[in-house]
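Some notes on the structure that comes next.
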Amino acid sequence: YRSWCLVQARAKRLSPVAHAFLAFVRGERAQIIGLVERFDGKPPALPASN
């Protein structure tokens, strides 16, 4: 499993594009996590049979 982080220097201002990207990532976090889980290379868990 890999972890990704967005970082920013405290003394540096973000560009409008960087602000938009940060807002996109925050707004789409659940979908991004779902895609990571879907394409992480692990086979899907099979449901238990009774």
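The table below gives the values:
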quantity: Contacts under 9 angstrom Cβ, first residue in region 29-43 being closer than 13 Å to SER3 by Cα, partner of a type in the set (A, V, I, L, M, F, W, C), 6 or more apart; calculated: ILE32/TRP4; ILE32/VAL25; VAL36/TRP4
quantity: Criterion violated by ARG29 - all others in (1) surrounded by 10 or more Cβ atoms within 10 Å (Cβ to Cβ); (2) modelled with pLDDT under 85; (3) of a type in the set (D, E, K, R) satisfied; calculated: (2)
quantity: Count of region 14-25 residues which are surrounded by fewer than 10 Cβ atoms within 10 Å (Cβ to Cβ) and at pLDDT below 90; calculated: 0
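The values are calculated or read from the model by the stated rules, or taken from the named source; none is laboratory data. Since the model is a prediction, treat every value here as computed from it, not as a measurement. All Cβ positions, even for glycine, are placed from backbone atoms using ideal geometry, and neighbour counts span all protein chains on display.
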